[in-house]
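Undergrad: I have a structure I would like to understand better, so I am pasting it below and will then ask my questions one at a time.
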Amino acid sequence: MTDTEKIKWFERAVKFQLDGMIFLVMKSRKSDSAQWAIEDIPNGKILNSNLEWEDEPEKAKRDESFLIRTRFDLETAITMYDQYKMFSVL
């Protein structure tokens, strides 16, 4: 199996479809802690802690405040998306 094929399998294991092209995606894993984001794939947007969509900058341009607003533990990410669905129209 090539590295590219391995990456595709890994991505499938850490990406869950929530609705249409909106996904819950693991962005990083350190020790036993994973950081998740809610992505609108076609629009290149990330749901932030204010339940608003914002552009996801290139990795080199992501500052600490962006990561704080858009990266969550799994339980928080799921709760945030549930809140978003209750208060917003998809």
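The values are calculated or read from the model by the stated rules, or taken from the named source; none is laboratory data. Just so we're clear, the structure is a prediction, and the values are computed from it rather than from any experiment. Counting neighbours? That spans all protein chains shown, and the Cβs are built from the backbone with ideal geometry, glycine included. Heavy atoms of the whole protein, side chains included, go into the accessibility calculation; ligands, DNA and RNA do not. Shrake-Rupley method; radii C 1.70, N 1.55, O 1.52, S 1.80 Å.
Undergrad: In segment 41-90, how many are surrounded by 16 or more Cβ atoms within 10 Å (Cβ to Cβ), under 11 Å from the mean Cα position of the chain (by Cα) and outside any helix (DSSP H, G or I)?
TA: Qualifying residue count, segment 41-90: 7.
Undergrad: Let me ask something additional. Across segment 1-40, which residue is farthest from Lys85 (Cα to Cα) among those that are open to solvent by 40 Å² or more (accessible area, probe 1.4 Å) and hydrophobic (A, V, I, L, M, F, W, C)?
TA: Checked segment 1-40; the qualifying residue farthest from Lys85 (Cα to Cα) is Met1.
Undergrad: Within segment 24-39, can one find any residue that is among the aliphatic types (A, V, I, L, M), modelled with pLDDT under 90 and not in a helix (DSSP H, G or I)?
TA: Within segment 24-39, the first condition is being among the aliphatic types (A, V, I, L, M), and the residues that meet it are 24-26, 34, 37-38.
Filter once more, keeping what is modelled with pLDDT under 90: 34.
Within this subset, residues satisfying the condition of being not in a helix (DSSP H, G or I) are 34.
There is at least one residue in segment 24-39 that is among the aliphatic types (A, V, I, L, M), modelled with pLDDT under 90 and not in a helix (DSSP H, G or I).
Undergrad: Can you name the number of the only condition in (1) modelled with pLDDT of 90 or more; (2) hydrophobic (A, V, I, L, M, F, W, C); (3) at negative phi that Phe10 fails?
TA: Checking Phe10 against (1) modelled with pLDDT of 90 or more; (2) hydrophobic (A, V, I, L, M, F, W, C); (3) at negative phi, the one that fails is (1).
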